[in-house]
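Structure first, commentary second.
The values are calculated or read from the model by the stated rules, or taken from the named source; none is laboratory data. Quick caveat, the model's predicted, so the values are computed rather than measured. Cβ: placed from backbone, ideal geometry, glycine included. Neighbour counts: every protein chain shown. The protein model used for the area step is the full one, side chains on, heavy atoms only, and it has no ligands, DNA or RNA in it. Shrake-Rupley method; radii C 1.70, N 1.55, O 1.52, S 1.80 Å.
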Amino acid sequence: MKVSTPPERRAAAPKPCSPNYFLDYLSRRWAEGCVRGRELLYEIKLRGYSGSFSHLERLLAKWRRANDAKVVTLPPVPEPTRALTTTIATVPRAVDPATGWTISPIVAASLCIKPRGLLTPSQAAKVDALKSASTDFTAMRRLAMRFRGILRSKDIQKFGVWLDDAQQSGIYAMQRFARTVRRDLDAVTNALTEG
């Protein structure tokens with residue numbers, strides 16, 4: 001007897017090196033609001049997961065795209081602007097108007113600290129989309145631009161006002177940065193005026 005089509009292959013059961021092995025657990029935790037990849041990685045490693053973080057992130061990326069909100073982690077950049085752009089927050093997706101794709105956290109971080117006059121038209125459109133999607137991005141960008149201006153002008157009075165505003169911004173990364181600076185204010189002031 002001849003068969004016209006090959007027999008259907010049954011999918012192999014997932015193994016502990018696959019996030020799909022922990023799909024029930026991950027789905028439950030995701031529904032509970034735990035959407036940070038590193039946290040979920042830690043939890044499933046305790047349950048025997050032997051795969052990589054990137055493998056887990058591929059699965060989570062599909063879930064993030066399916067939601068209207070995603071976790072955005074702005075990556076660290078060199079000091080002193082690191083604290084200005086490193087934050088973890090749940091924000092609505094910001095979509096690049098030119099491509100229709102979600103603006104990546106890396107791009108958002110670089111645009112947060114780049115002055116409007118140095119932006120290309122495409123970058124300016126992305127900044128506008130990020131501002132529309134996230135009040136935190138708007139507030140961080142405003143503070144970052146002021147900080148940049150203070151570094152250039154070396155105006156100590158403006159720096160004190162900026163520290164107060166950063167402390168009262170409601171953005172954890174900015175508040176932490178302001179607290180850290182205040183601990184060694186004399187050294188920072190000297191660096192600002194002599195640098």
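Of all residues in segment 120-145, those that are open to solvent by less than 60 Å² (accessible area, probe 1.4 Å), within 13 Å of residue 95 (Cβ to Cβ) and charged (D, E, K, R) total 1. Per the listing 125, 173, the residue uniquely in contact with a Pro (Cβ under 6 Å, 6 or more places away or on another chain) and closer than 16 Å to residue 105 by Cα is 125. Residues that are at pLDDT below 85, among the polar types (S, T, N, Q) and either open to solvent by 60 Å² or more (accessible area, probe 1.4 Å) or over 15 Å from residue 64 (Cβ atoms) (or both) within segment 1-51 comprise 4, 5, listed in sequence order. Pairing each residue of segment 150-162 that is part of a loop (DSSP other than H, G, I, E, B) with any residue that is open to solvent by less than 80 Å² (accessible area, probe 1.4 Å), provided the two are 6+ apart or on different chains, yields C-beta distances under 8 Å for 154/192; 154/193; 154/195.
Restricting attention to segment 146-163, which residues are exposed (fewer than 15 other Cβ atoms within 10 Å of the Cβ) and more than 17 Å from residue 184 (Cβ to Cβ)?
Our first condition is that a residue be exposed (fewer than 15 other Cβ atoms within 10 Å of the Cβ); within segment 146-163, this holds for 149, 152-154, 156-158, 160-161.
Those that are exposed (fewer than 15 other Cβ atoms within 10 Å of the Cβ) and more than 17 Å from residue 184 (Cβ to Cβ): 149, 152, 153, 154, 157, 158, 161.
Against the test of being more than 22 Å from residue 37 (Cβ to Cβ), of a type outside the set (S, T, N, Q) and modelled with pLDDT of 90 or more, the options 96, 155, 128 yield a single qualifying residue, 128. Scanning segment 176-195 for residues that are free of Cβ contacts under 8 Å to residues at least 24 places away in the same chain and either open to solvent by 70 Å² or more (accessible area, probe 1.4 Å) or in a loop (DSSP other than H, G, I, E, B) (or both) returns 179, 182, 183, 184, 186, 190, 194. Among the residues of segment 56-74, those that are at pLDDT 85 or above and not aliphatic (A, V, I, L, M) comprise 57, 58.
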